[in-house]
Structure formats: C-alpha cells, structure tokens
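Chemist: I'd like to ask some things about the structure below.
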Protein chains: 2
Amino acid sequence: MVKAAVPERIKGVCCPPSIPLSLAKVDASVDVLKALADPTRLQMVGALKRSSQPVCICDFTAAFDLSQPTISHHMGKLRDAGLVEVTKVGIWAYYRLSGQLEPRTRALLDVLV
Amino acid sequence: MVKAAVPERIKGVCCPPSIPLSLAKVDASVDVLKALADPTRLQMVGALKRSSQPVCICDFTAAFDLSQPTISHHMGKLRDAGLVEVTKVGIWAYYRLSGQLEPRTRALLDVLV
DNA sequence: GGAAGAGATTGATATCTGTCGATGGGATGC
DNA sequence: GCATCCCATCGACAGATATCAATCTCTTCC
C-alpha cells in the first residue's frame, strides 16, 4: 500500500472534509482500553486468561508488590469494565474472565495477552 | 473450555503460586494502550488508518470541538507512542500511521479501528 | 523586511488516577 | 459470643492528564 503524496492545500482554506466519527463504538472501546492500560491490570487479565481455573484474588495480592486495597481497586476496575467475573466461596473471592465478552474484546485480549 | 470448580484453599495459607510476569512486554503494551485509551486519539488513529493519504492535522482541529493546542497535544502523544509519523509540507503537517508498527500493534489496530 | 497562517510549546488549572492506611462486612472456627 | 481471616469500601493524598490561552517558530507571500 502506497500512501505517498500529501493532498494539496490552499492557504487559509483549511479542513474542508470532516473526520468520520462513530462515537458509541469509540466510547465503548475506550472504556475497555482504559481498563487494560495499567501494568497491574494487564497482568491480572493475562493471568486470568492463561489460567484454566478461577484465580483467588489473594494470589494477586501476594504476586504484586501492592497493598491489598490497591489490588482490590484494580480488580474492581476490571469488574466495572465487564472484563472479569467473581465467585465468592467462603472467605475467598475467585476471579475469571467474563464469559460474555464481546467478540471484539476477546480479539483484543487475544492480541494483547 | 470448562472453568468450573474453584481451587481448594487452606485458611491462612494464601497464595502459594505466583503470577507469571513478563514486565517488558507488559510495559510496551501499556504504553500503546495508554496512547489509544482516549476518545480523541482513538478517533484520530481510526481516521488515519482508514485514510489512503496522509491527513493534515488541521482537519482534526476542525473536526473535533477542541482547541488547536489540545489537538496538537493529542497528536504528540500518538507520536511519542510511535503510532504515527509526520511529514511537514510548507506550513502544513501531514500525519499517517507509522510504517514500522510492530505486528502486535498492527493487530491491535485491526481489532480496534 | 514585514504581515499572516499553521502548528508546536509553555504555563496554568481542574480533573482523574493510583496508592495506602483505616475501617467495615461477611464467613470460619474456637 | 468472640477472635481471626479475606475482601471491599472509604478518606486522603501525590502524581498524571486533559484542556485552554498565550506565546513562539517556521513558512509563505507581498
């Protein structure tokens, strides 16, 4: 694909064409991207994606050099973004990737982690 | 794939396994994700990806309801992330997707925009 | 040289975000 | 009941981020 010559311009007549915008799709994508754009959360998602079993959040608390509230905060962000689901068993909380991920989101995770 | 039963736990013995971490890859991905995790920048990248020609940044300044410094700021972030390249012609600045995008990054954009 | 246009940079500000300590809430076990 | 454990929430705070007005740099045109 050749993207060679730049379009010609007339001085003072800037910007005739407008950019095509599809706001809804963009906002949905941005929400997922914001949730993933953090090292801790991206590693959490990667671990959940590679795990065949739900992962106790206490494992993340131990694996990362962060406080327990911070880990809980990050997992909450992933929950709010709809990326993970939780199952509580006794005093433990087991997390896994959401089973209702949109195909686009699943494809995103396949590329990323 | 069945991710059914949660692993058994012993109280007070939390977190035996550690999470596999590959920091370098994660950090690189996070940089790209941060650059894309903004509605304006994601739309910019989408427009550049769909355009067969480099796009004058003045088009973005006109298309978005944002000031010229803000548009320049966002494009600078995309530049810093290595996602776009610029060609200056006279008083104009034409942007296009970088030609040296990593395969992973290109796959990411294919999913996103 | 001087005026004008396009775009980048600077400085200031309001908001968002990541982090931790402290607290609360539910389950387990004595 | 009461202590203990796990996890979520709250409050506070420092650092990052988005935004704009003002300014600066570079180019073009007269």
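We did not get these values from a lab; they are worked out from the coordinates using the rules stated. Worth saying up front: this structure is predicted, and the values here are computed from it rather than measured. Cβ coordinates were reconstructed from backbone atoms using ideal geometry, including for glycine residues, and neighbour counts include every protein chain displayed.
Chemist: Could you list which residues have their amide H under 5 Å from that of residue A:84, counting only those 5 or more apart in sequence or on another chain, with H placed in the peptide plane?
Modeler: A:79, A:98
Chemist: Among A:13, A:111, which comes first, then next, by fewest other beta-carbon atoms within 10 Å?
Modeler: Details: A:13 8, A:111 17.
Ranking A:13, A:111 by Cβ neighbours within 10 Å, fewest first, gives A:13, A:111.
Chemist: Still on this model: Could you name the residue in chain A with the C-beta closest to the rotation axis that superposes chain A on chain B, along with the separation in whole Å?
Modeler: With distances in whole Å, chain A gives A:37, 2.
Chemist: Based on the Kirkwood radius over alpha-carbon pairs, what value in µm²/s does the Stokes-Einstein equation return for the translational diffusion coefficient of chain A at 25 °C and 0.890 mPa s?
Modeler: Numbers: Rh = 16.7 Å.
Using the Kirkwood radius from Cα pairs, D works out to 147 µm²/s.
Chemist: Given R₀ = 41 Å, FRET efficiency for residue B:88-residue B:22 by Cβ-Cβ distance, to 0.05?
Modeler: Approximately 0.60, to the nearest 0.05.
Chemist: Distances in nm, one decimal, shortest first, from residue A:103 to the same residue in every other copy, taking the label point 7 angstrom along Cα→Cβ.
Modeler: Those label-point separations list as 2.4 nm.
Chemist: Among A:49/B:49; A:88/B:25; A:11/B:34; A:34/B:11; A:34/B:25; A:25/B:88, which pairs are too far apart, with a Cα-Cα distance over 27 Å?
Modeler: Working: A:49/B:49 29 Å; A:88/B:25 32 Å; A:11/B:34 35 Å; A:34/B:11 35 Å; A:34/B:25 18 Å; A:25/B:88 32 Å.
Checking Cα-Cα distances, A:49/B:49; A:88/B:25; A:11/B:34; A:34/B:11; A:25/B:88 exceed 27 Å.
Chemist: Across peptide A:40-50, how many C-beta atoms of other chains are within 10 Å of each residue C-beta, on average? Write down the numbers at each step before the final one.
Modeler: Working: counts 2, 2, 6, 8, 1, 0, 7, 5, 2, 0, 2.
Going residue by residue through A:40-50 and averaging, the value is 3.
Chemist: From the label point of residue B:50, set 7 Å along Cα to the beta carbon, how far off in nm is each other copy's matching point, shortest first?
Modeler: 3.7
Chemist: Another question, then. Take the alpha-carbon positions of region A:64-113, form their convex hull, and give its projected area averaged over all directions (one quarter of the hull surface) in nm².
Modeler: If you wrap the Cα atoms of region A:64-113 in a convex hull and average its projections, you get 4.2 nm².
Chemist: To continue, here is another question. Report, in degrees rounded to the nearest 10, the 0 to 90 angle that the Cα long axis of helix B:68-80 makes with the longest principal axis of chain B.
Modeler: 50
Chemist: How about residue A:77: which aspartates and glutamates have a C-alpha closer than 15 Å to its C-alpha, ignoring those fewer than 8 places off in the same chain?
Modeler: A:31, A:38, A:85
Chemist: On a 0 to 90° scale, report how tilted helix A:23-36 is relative to the longest principal axis of chain A, with both axes built from alpha carbons and the result rounded to the nearest 10.
Modeler: 40
Chemist: Then there is this: Output the 0 to 90 degree angle, nearest 10, between the alpha-carbon long axis of helix B:103-112 and the longest principal axis computed from the alpha carbons of chain B.
Modeler: That helix lies at roughly 80 degrees to the long axis.
Chemist: Using a label point 7 Å beyond Cα on the Cα-Cβ vector, give me the inter-copy distances for residue A:65 in nanometres, one decimal, shortest first.
Modeler: Nearest first, the other copies' label points are 4.5 nm away.
Chemist: Given labels modelled 7 Å from the Cα in the Cβ direction, how far is it in nm from residue A:52 to residue B:31?
Modeler: 3.6
Chemist: Could you give the length gained by full extension between residue B:104 and residue B:65, i.e. 0.36 nm per residue of separation minus their alpha carbon distance, to one decimal place? Please report the intermediate quantities before stating the final value.
Modeler: Working: separation 39, 0.36 × 39 = 14.04 nm, distance 3.16 nm.
So the chain would gain 10.9 nm between residue B:104 and residue B:65.
Chemist: Residue by residue through B:94-104, how many Cβ atoms from other chains fall within 10 Å of the Cβ on average? List each step's numbers first, then the result.
Modeler: Details: counts 5, 1, 2, 1, 0, 2, 0, 0, 0, 1, 2.
For this peptide, the per-residue mean of nearby foreign Cβ atoms is 1.
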